[in-house]
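First comes the structure, then the notes that go with it.
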Amino acid sequence: MLTLHAAAATDIGRVRQENQDRFLLDAAGQLFGVADGIGGLPGGAEAAQLAVEAVARWMAADGSADPDLAAALREANDSVALLGRRISPAVGIGTTLTVGSLAGSALRLAHVGDSRCYGWRAGTLELLTEDHSVENDARRRRARGEKVYFQASHRGALTRCIGQPPPLEVDVSVRPLLVGDRYVFCTDGISRLVPDLELRDLLAATEEPQGVVDRLVEVALRRGGPDNATAVAVYVEAG
């Protein structure tokens with residue numbers, strides 16, 4: 001039997017006027033994740049809040065051992081898009097959303113946007129999500145032989161988000177859980193400031209998830225805190 005220990009931390013940062021990040025930490029429901037309202041659009045905080053609430057409601061109603069997280073994110077997408085038509089009819093609203101269900105000895109992961117989930121296992125760190133950015137989209141298309149060009153200033157722009165017109169493409173994956181696994185969900189206010197090697201060493205050295213998330217936010221703030229910074233850490237231990 002596996003036992004999960006989790007913690008979360010969030011901070012507005014040193015530049016933003018509002019914290020538009022939200023997190024999911026439902027230990028009883030074994031549901032975790034982060035959402036980051038899209039900057040430059042109105043209603044970012046509302047979009048992120050509605051997205052995490054919609055997924056939590058969908059998962060609670062589903063209640064199965066093998067939930068369809070992609071369907072949960074599509075439900076969240078429809079809810080955010082509907083709200084966007086009401087409060088921002090000209091441009092809509094949007095958010096990233098990266099969610100993991102750690103139930104039945106497996107991590108089921110669903111992801112849209114550029115928030116991230118990392119997995120640490122036996123000293124090795126792996127990025128379990130791929131940023132849905134202009135740069136990454138161009139890289140995939142070039143690998144197929146297409147000629148793709150983009151402005152360097154747009155390389156980090158999102159190509160997918162919660163709140164966009166359907167159909168929404170959701171990245172999903174399943175990973176067996178092992179005792180000793182450690183997972184971090186974070187927004188780009190952390191991932192852009194904390195290199196993977198530094199995160200790997202921090203996870204290796206920190207015995208409690210609260211220590212990890214507090215340290216990640218502290219590092220982001222110390223390095224200027226240009227964005228909201230949010231992290232959720234989940235440790236998998238023997239029951």
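The values are calculated or read from the model by the stated rules, or taken from the named source; none is laboratory data. Given the structure is predicted, the values throughout are model-derived calculations rather than measurements. Every residue, glycine as well, gets a Cβ built from its backbone with ideal geometry; the counts of neighbours run over all protein chains shown.
Details
- The range 213-228 - residue that is assigned to a helix (DSSP H, G or I) and touching a residue at least 60 places away in the same chain (Cβ under 8 Å) and, of those, farthest from the chain's Cα centre (by Cα): Leu221
- Some residue of the range 40-59 being closer than 20 Å to Ala28 by Cα, at pLDDT below 95 and of a type in the set (Gly, Ala, Ser): no
- Selection status of Arg121, under 30 Å from Gly180 (Cβ atoms), charged (D, E, K, R), at pLDDT 95 or above and surrounded by fewer than 18 Cβ atoms within 10 Å (Cβ to Cβ): yes
- Residue list for the range 85-96, restricted to those being crowded, with 24+ Cβ neighbours inside 10 Å and either among the hydroxyl-bearing types (Ser, Thr, Tyr) or part of a helix (DSSP H, G or I) (or both): Thr95, Thr96
- Among the residues of the range 216-231, the ones that are surrounded by fewer than 20 Cβ atoms within 10 Å (Cβ to Cβ) and of a type in the set (Asp, Glu) come to 1 in all.
- Selection from the range 152-204 of residues that are in contact with a Cys (Cβ under 9 Å, 6 or more places away or on another chain) and of a type in the set (Val, Ile, Thr): Val184, Val194
- When Asp66, Asp26, Asp62, Asp21 are screened for being under 25 Å from Leu102 (Cβ atoms), modelled with pLDDT under 95 and touching a helix residue (DSSP H, G or I) at 6+ places or on another chain (Cβ under 8 Å), only Asp62 passes.
- Residue match in the range 193-206 (condition: of a type in the set (Lys, Arg) and without any contact (Cβ under 8 Å) to a residue 24 or more places away in the chain): no
- Candidates in the range 158-187 are the residues that are crowded, with 24+ Cβ neighbours inside 10 Å, under 14 Å from the mean Cα position of the chain (by Cα) and of a type outside the set (Phe, Trp, Tyr); of these, the one that is nearest to Tyr118 (Cα to Cα) is Val184.
- Where strands (runs of 3 or more DSSP E) fall wholly inside the range 1-75, the ranges with 2 or more residues that are surrounded by fewer than 19 Cβ atoms within 10 Å (Cβ to Cβ) and in contact with a Leu (Cβ under 7 Å, 6 or more places away or on another chain) are 2-11.
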